[in-house]
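Input: a single structure, listed below in structure tokens.
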Amino acid sequence: MLRIFDTADTIAAVLKRKPIDEFPVSDAMRNRTIATFGVDISPQEAVRRILRDVRERGDAALLEWTERLDHVRLEPDAIAVRDSDIAAAYDQVDSEVIASLEHAAERIKAFHASQPLHSWMSTDMGGMLGQLIRPLEGVGIYIPGGSAPLASSLLMTALPARAAGVSEIAVCTPPDRSTGLVAPITLVAADITDVDVVYAVGGAQAIGALAYGTESIARVDKICGPGNTFVVLAKKEVFGTVGIDALPGPTETVVIADETANPAWVAADMLAQAEHTGGTSILITPSRQVARAVDQHLQAQIANLGNKADILESFERRSAAVVTTDLQRAIAYADDFAPEHLCLSVRDPWSWVGKIHNAGGIFVGENSYEVLGDYVAGPSHVMPTGGTARFTSPCNVLDFVRVTNVIALDEETAQQIGPYAIKLAQAEGLDAHAAAVRIRQNNRV
């Protein structure tokens, strides 16, 4: 089940990244596009058509695309979920699940409340210089629906936004095809996080509504949250009109394990991520014996799991074990891969943390297994995928604020630094810039 690679060429192939614009279009996606649009067009063009329609026709386009894509006929007054429906959702969710959501929310709140966030001013450079940190006014959060409504992602996104002081939080999530309603667990999570409104709209049309605004959905300043290919492409298209958090892809985990690791636990962690559609689980170890032991446990544990198809597809296409010469090489491979999740199942894991630069989250030791991070540890589980951990951070309070520079120089400082500005303006061929400085100098020209 677990493919094991140990040569430079094969390891490079396993750890090779593919840009988002090179992802292949599956037959299922192509057939769905043809069925919807009547022609074979790219996912990008399909998304552009939907966004253009929403921008031009507003709610009418939302209702039409929801019916065409999600097969749910919404009434105009049902775009926004009613408060009574949110209250009723509590009766449809198990009380222990509700208690677990509430416990997770408390930990997530406490963690993000501790993140440093403050304006500052300094007089050290003449006059007053500083930065004002202010929350965004409106944020839209996209939450996938379908067979696995990700209520936990709502907690992990809305609560950092609340900690930042965002005043208006809107959630878009597709209605269930069989009931025409938003998943009850998502509505309970929305109530626990105290979001302002939930819209029963999904897909690219939801992203367009949040970006441009419609009669029922107010335009926001930034859109956050995961989604399928069409949602991610829509976020890419509207960037610039609104802010976006990232272009999230399928989940991925790298586990670095040495001979002290528990192979049954490593196998369980890899299976947990592989069950996500498109998920990737990679084991990197200096021990072939560990890789073989993990493989044995993978085969034993998968027999007791329900969704074998996605897991097997992951291990056939994207998941593997990489055997290295030593732990230092394992860390180097992982750092170059820049995974969403990096799990250290090794002796003295803290001794390696400082050597890791590129990872969405580092899970230090076998008590800090990744599933706890998915739900209840505290930091947001919305993390960079596809190697973007090289330049992108996990969802946090800073995603929901904007920084305004404050420049209030005194006269002496302005006179002192003015000549340098003149020289730089002249070097760039900007005469009016230089003149704006000269006119203020003591010796005016």
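Overview of results
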quantity: Some residue of the range 329-341 being in contact with a Cys (Cβ under 7 Å, 6 or more places away or on another chain), of a type in the set (D, E, K, R) and under 24 Å from M156 (Cβ atoms); calculated: no
quantity: Members of the range 240-254 found to be over 16 Å from R390 (Cα atoms) and aliphatic (A, V, I, L, M), listed by number; calculated: V242, I244
quantity: Positions within the range 418-445 being in a helix (DSSP H, G or I), among the aliphatic types (A, V, I, L, M) and exposed (fewer than 14 other Cβ atoms within 10 Å of the Cβ), in sequence order; calculated: L424, A427, A432, A435
quantity: Flag if A104 is of a type in the set (A, V, I, L, M, F, W, C), outside the structural domain of E275 (by TED's automatic domain parsing) and surrounded by fewer than 14 Cβ atoms within 10 Å (Cβ to Cβ); calculated: no
quantity: Counted residues, the range 272-331 - those being farther than 20 Å from L15 by Cα, surrounded by fewer than 18 Cβ atoms within 10 Å (Cβ to Cβ) and at pLDDT 95 or above; calculated: 5
quantity: Members of the range 332-347 found to be within 20 Å of R3 (Cα to Cα) and surrounded by fewer than 22 Cβ atoms within 10 Å (Cβ to Cβ), listed by number; calculated: Y333
quantity: Filtered residues of the range 134-159 (kept if within 13 Å of the chain's Cα centre (by Cα), farther than 23 Å from T214 by Cα and not in a helix (DSSP H, G or I)); calculated: L150
quantity: Residue match in the range 45-54 (condition: touching a Ser or Thr at 6+ places or on another chain (Cβ under 8 Å), touching a residue at least 24 places away in the same chain (Cβ under 8 Å) and under 25 Å from D191 (Cα atoms)); calculated: no
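The values are calculated or read from the model by the stated rules, or taken from the named source; none is laboratory data. Keep in mind the model is a prediction, meaning the values are calculated, not measured. All Cβ positions, glycine included, derive from the backbone under ideal geometry; neighbour counts span all protein chains shown.
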